[in-house]
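Undergrad: Before I ask anything, let me first share the structure, which is written out below as structure tokens.
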Amino acid sequence: MIKINFDFSTAFSLVEMGDINDMMPKVEKAHQSLVEKTGEGSEFLGWLDSPIKVSKGVILDIQAEAEKIRKKADIYVVIGIGGSYLGARAIIEALKHNFDALSDNRKSPYIIYAGQTLSEDYMADLLELLDEKDYCLTVISKSGTTTEPAIAFRILKSHLEKKYGKEDARERIIAITDKEKGALKNLAIEEGYKTYIVPNDVGGRYSLLTPVGLLPIAVAGFDIDAIVEGARLMRHHLITDNDFEHNPAWQYATYRNILYNKGKSIELMVNYLPNLQFFSEWWKQLYGESEGKNGKGLFPASVSNTTDLHSMGQYVQDGERLMFETIIHVENSNKKVKIPYDGNNYDGLNYLSNLSLTEINH
């Protein structure tokens, strides 16, 4: 298992050991209420057990369905908004080739997202593209009446039926929705769509390890067995290790709360890899939607460096002291590109020669 380590050494100027000790009773109480599901909102804590509840049978079914989609579609459209698509997109963007749309080695459909915007030009451009390509779609909504995805599905369902005929279109639509009720559930039964279930005790933004996230990730060609297994291992570690020194969830929660109580009102998530941009977008939704209540909560913002160093960097360094940064540091890159030596040293960068871009980025 690839470990997640939390390095809080740069926060020592603001956080003292006494602050941490004072917070420990609250941390332990919060941990207990989560694990035992006794706190407020406990009826929606099903996501804690998603890694151990998703069955091998469901995973095999998702993998088989994903393989069917890969064989008959050039494009796979995922219709959803918020947690119905952000988690899956975060994983797909993080793992895929940066230029997979242009890669001749791509073995899966090009994945496009809809229902996350009401832009008319976006939808019109998508329809033009779908006129020319074979495609399948998955619509994700517990209710089926959330405005943006419902509109997108109505438009794309009509387009699909006109292009392929109602019978063939039926085989190209998958609905991920409520188990028993809702407009989308009723339509799926009426039309005979393949369906997967969003568990009742799992909120949309926490639904990554249900069919909501696993199906798109599988269609993209990634190993959902390995993803679920990694989540199982991390879940076990975070639930059973009650030692602050070894539990990154405890550490992260503790430092966030201490800094918030010391007047920091903004948390800035910083990544240094373009393919982590949507991880930051998903993180913003997870924390903004979960914590922004009753006039309280840290405001979650994000930057993508080194790009944003040349725009937001000035404010972060010299602006109002109201934020703290959380930096995602990926230890190893998948590939290596080293800086070549130049005999003329025209740019004065020979001191970096033979270093990899990852070494410089760190």
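Throughout, read-outs are computed from the coordinates displayed, never taken from laboratory work. Every value quoted in this text rests on a predicted model; they were computed, and no experiment measured them. In this analysis, Cβ positions are derived from the backbone assuming ideal geometry, glycine residues included, and neighbour counts consider all displayed protein chains.
Undergrad: Given the conditions (1) touching a residue at least 60 places away in the same chain (Cβ under 8 Å); (2) of a type in the set (A, V, I, L, M); (3) surrounded by fewer than 20 Cβ atoms within 10 Å (Cβ to Cβ), report the number of the one that residue 238 does not fulfil.
TA: Among (1) touching a residue at least 60 places away in the same chain (Cβ under 8 Å); (2) of a type in the set (A, V, I, L, M); (3) surrounded by fewer than 20 Cβ atoms within 10 Å (Cβ to Cβ), residue 238 violates only (1).
Undergrad: In addition: Name the helices (runs of 4 or more DSSP H) wholly within the range 251-362 that hold at least 3 residues that are within 30 Å of residue 202 (Cα to Cα), under 25 Å from the mean Cα position of the chain (by Cα) and not β-branched (Val, Ile, Thr)?
TA: Counting at least 3 such residues, we get 277-291.
Undergrad: So which of 296, 338 is loosely packed, with under 10 Cβ neighbours inside 10 Å and either in contact with a helix residue (DSSP H, G or I) (Cβ under 9 Å, 6 or more places away or on another chain) or hydrophobic (A, V, I, L, M, F, W, C) (or both)?
TA: Residue meeting the stated conditions: 296.
Undergrad: Here's a follow-up. Restricting attention to the range 103-120, which residues are closer than 18 Å to residue 81 by Cβ and not in a loop (DSSP other than H, G, I, E, B)?
TA: Listed by number, the residues that qualify are 111, 112, 113, 114, 120.
Undergrad: How many residues, within the range 1-48, are in contact (Cβ under 8 Å) with a residue 24 or more places away in the chain and assigned to a helix (DSSP H, G or I)?
TA: Final tally of qualifying residues: 16.
Undergrad: Could I ask something else about it? Among the candidates 71, 53, 96, which residue alone is within 25 Å of residue 116 (Cβ to Cβ) and of a type in the set (Lys, Arg)?
TA: None of the other options fit; the residue is 96.
Undergrad: Select from the range 131-144 the residues that are under 15 Å from residue 109 (Cα atoms) and surrounded by fewer than 20 Cβ atoms within 10 Å (Cβ to Cβ) and list them in ascending order.
TA: 132, 133, 134, listed by residue number.
Undergrad: Among the numbered criteria (1) surrounded by 11 or more Cβ atoms within 10 Å (Cβ to Cβ); (2) over 22 Å from the mean Cα position of the chain (by Cα); (3) more than 21 Å from residue 287 (Cβ to Cβ), which single criterion is violated by residue 21?
TA: The single condition residue 21 does not satisfy is (1).
Undergrad: Residues in the range 214-233 that are in contact (Cβ under 8 Å) with a residue 40 or more places away in the chain and either outside any helix (DSSP H, G or I) or among the hydroxyl-bearing types (Ser, Thr, Tyr) (or both): how many?
TA: Of the residues in the range 214-233, 3 are in contact (Cβ under 8 Å) with a residue 40 or more places away in the chain and either outside any helix (DSSP H, G or I) or among the hydroxyl-bearing types (Ser, Thr, Tyr) (or both).
Undergrad: Within the range 84-98, identify whether any single residue is in contact (Cβ under 8 Å) with a residue 24 or more places away in the chain, surrounded by 19 or more Cβ atoms within 10 Å (Cβ to Cβ) and part of a loop (DSSP other than H, G, I, E, B), and answer yes or no.
TA: Looking through the range 84-98, at least one residue is in contact (Cβ under 8 Å) with a residue 24 or more places away in the chain, surrounded by 19 or more Cβ atoms within 10 Å (Cβ to Cβ) and part of a loop (DSSP other than H, G, I, E, B).
Undergrad: Given the conditions (1) exposed (fewer than 12 other Cβ atoms within 10 Å of the Cβ); (2) of a type outside the set (D, E, K, R); (3) without any contact (Cβ under 8 Å) to a residue 40 or more places away in the chain; (4) on the phi < 0 side of the Ramachandran plot, which single one is not true for residue 306?
TA: So the condition that residue 306 fails would be (3).
Undergrad: Here's another thing I want to ask about it. So the check is Cβ under 9 Å with 6+ separation or different chains; which pairs have a first residue in the range 326-338 that's touching a residue at least 24 places away in the same chain (Cβ under 8 Å) and under 15 Å from residue 248 (Cβ atoms) and a second one that's basic (Lys, Arg) and surrounded by 12 or more Cβ atoms within 10 Å (Cβ to Cβ)?
TA: That search, which allows pairs on different chains as well, returns 326/256.
Undergrad: Now, a different point. Go through the range 11-54 and report how many residues are touching a Leu at 6+ places or on another chain (Cβ under 8 Å) and among the hydrophobic types (A, V, I, L, M, F, W, C).
TA: Total satisfying the criteria: 9.
Undergrad: If I ask for residues that are closer than 13 Å to residue 276 by Cβ and in contact with a Leu (Cβ under 9 Å, 6 or more places away or on another chain), which ones from the range 328-353 would you list?
TA: 328, 330, 333
Undergrad: Kindly indicate whether any position in the range 271-287 is of a type in the set (D, E, K, R) and closer than 21 Å to residue 9 by Cβ.
TA: No, because not a single residue in the range 271-287 is of a type in the set (D, E, K, R) and closer than 21 Å to residue 9 by Cβ.
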